[in-house]
Amino acid sequence: MIKTRFAPSPTGYLHVGGLRTALYCYLFAKKNKGKFVLRIEDTDQERFVEGATENLIKTMKWCGMDYDEGPHADASETGDCGPYIQSKRTDLYKKYADELMEKGRAYRCFCSKERLDEMREAQTKNKQAPMYDRKCCDLPESEIQKKLDAGKPFVIRQKIPYELIKFKDLIRGNVQFHGKTIDDQVLVKSDGFPTYHLANVVDDHLMKITHVIRGEEWLPSTPKHIALYQAFGWEIPEFAHLPLLLNPDKTKLSKRQGHVAVEEYINEGYLREAILNFVAFLGWNPGSGEEKEIFSLEDLEELFSIEKVHKAGAVFNLEKLDWFNWQWRRKKFEDEVDNDQEKRHQKLYELCKQHLTEGQMQNEELLKKALFTVQEKILQNPKEASAHIDFYFKLPHYEKELLTHEKMKVDLNQAKVSIEESKKSLENLEKWTEETIKESLTQIVEKLEVKNGQVFWPIRAALSGLQFSPGVFEIAFVLGKEETINRLNHAIKKTT
Ligand code: GLU
């Protein structure tokens, strides 16, 4: 059975790149009726961050990516390959390090930090890649024993075989490294803790992981891992290295150019569906011929395939995230209101109430109608709702030129005539609905023998005081007869 795992190191938050890895691991497992495991890789005690693991688990759950095996926030676990937190498994790794030493595939290194620093410095000076020079690789048993008896600290290093290490990456195709170019990796630190490399391989094996899907930054580690699988005589899993995430300027995604923590997007109010949909497209798409971009997690579970993941870096484009958020907000909104006008008003209000001014909130009747006319703007960005409806509450100051429009052939004189005639006609309206307003203004167009814009533009400008706004009939309806006439009078004064 196919089994994938997401194996984050708890740094304090879930990185968007991590979320992408988790999502692809999850989707690949689901698509193949396999299992998805969450494993916490916290062997680096120096980087311990209080609460980081709980935070990670919480964010994974918020995203709806349920794992079949792994730890929960209340310290319980699901699955029979646990514990799933590496710091609870530390005793286990020692046995495997010893096995490697017995097999001659690992050795104790007693070199001091000073010696290693000097060696690296000299190598860098000679333009060589910094690598351990294997001074301790073939120490005689007696000497090793002497050092151990003297209590000298040591690390355990992997003895990388000097041969070609090849593998087929599911995304990148054939990849090969020569063992001679790979440093003898530390597997166990002097404090007895395993490094990522040992713990990762041992756990992937013991947890029966069949597919290792992870970020491209881990590609250089893969030959070391393959050498470990070979040394143990274990079956080697399949590997898939996901493309890097890039800033819009094509540099590696960094905090400096925006948020990288999923939690920050959650706090800003982005919808789970939008975040997942956006992240799914960071390095993958359903393939040519498929124009649809809005996919739920369930859709993606059906659709995902690792072959369609790209090799090239994926640009993290916030505008695209905003677009997904807008589309998802609209979709959820329409589902919820289900063509019920009352629900529509209520829901629009809920979406933006925290961003409205007190004045706007006080005039409930006007507010309700006003929100309705800027529905799409609210769905796009509820934070801007207040700015979009403010003109209903207070006519903005505008210059008389706003009433004119060169292309539509509206000069000040035309504006004046159009507004005066419209005012007279609207004053006589008994029923004030969008329909009757439209009829009334259309009659003026006919009477004056002008184009629609020559009447509608100056009226719309007079009623909104804005270059862009909802349509003229809607505005007049929302403002009501009295305020409409007031604003038209105000405009007439400006033209004379
Ligand atoms: N603990 C590693 C990380 O933080 C996991 C890399 C891997 O998936 O092997 O990303």
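Taken together, the values in this text are just the output of simple stated rules run on the coordinates, not laboratory data. Given the structure is predicted, the values throughout are model-derived calculations rather than measurements. Methodologically, a virtual Cβ is constructed for each residue, glycine included, from the backbone with ideal geometry; neighbour enumeration extends over all protein chains shown.
The table that follows gives values for the structure above.
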| quantity | calculated |
| --- | --- |
| Degrees, to the nearest 10: 412-427 long Cα axis against longest axis of the chain | 80 degrees |
| Long-range amide H partners of ILE40 with built H, under 5 Å | ILE85, GLN86 |
| Ranked MET408, MET65, MET1, criterion: other C-beta atoms within 10 Å, fewest first | MET1, MET408, MET65 |
| Inter-part distance where the range 281-330 and the range 387-441 are each reduced to a Cα centre, Å | 44 Å |
| Rounded to 5, the percent of DSSP beta bridges in the chain classed as antiparallel | 55 percent |
| Rounded to 10°, Cα long-axis angle of helix 434-448 versus longest principal axis of the chain | 60 degrees |
| Likely footprinting exposure, HIS211, HIS405, fewest C-beta neighbours within 10 Å first | HIS405, HIS211 |
| In degrees, nearest ten, helix 113-125 long axis to first principal axis of the chain (Cα) | 70 degrees |
| Antiparallel DSSP beta bridges within the range 12-164, percent to nearest 5 | 75 percent |
| Sparsely packed trypsin sites (Lys or Arg not before Pro) within the range 39-104, loop by DSSP, other Cβ within 10 Å at most 14 | LYS103 |
| P(r) histogram, all alpha-carbon pairs of the chain included - 20 Å bins from 0, percent | 19, 37, 23, 15, 6, 0 |
| Length-normalised contact order for the chain - Cα pairs under 8 Å, 6+ apart - percent | 12 percent |
| Zero-based 10 Å bins, Cα pair distances in the range 18-96, whole percents | 17, 48, 30, 5 |
| Dipole moment magnitude, nearest 20 debye, the chain about Cα centre, only Lys, Arg, Asp, Glu C-beta charged | 1360 debye |
| Over 26 Å (Cα to Cα) - which of LYS88/LYS168; LYS369/LYS438; LYS95/LYS146 fall in this group | LYS88/LYS168 |
| Inter-centroid distance (Cα atoms) of the range 66-139 relative to the range 360-376, Å | 62 Å |
| Translational D in µm²/s for the range 82-150 (Stokes-Einstein at 20 °C, 1.002 mPa s, Kirkwood Rh from C-alpha pairs) | 146 µm²/s |
| Eligible lysines near LYS127 by straight Cα distance, threshold 26 Å, same-chain separation 8 or greater | LYS113, LYS135, LYS159, LYS180, LYS224, LYS252 |
| Rounded to whole Hz, the Karplus (6.51, -1.76, 1.60) HN-Hα couplings of the range 56-71, x for glycine and proline | 4, 4, 4, 5, 4, 5, 4, 6, x, 8, 6, 9, 7, 9, x, x |
| Descending Cα extents along the principal axes, the range 58-111, whole Å | 46, 26, 17 |
| Mean-position separation - Cα centroids, the range 13-46 and the range 228-254, in angstrom | 13 Å |
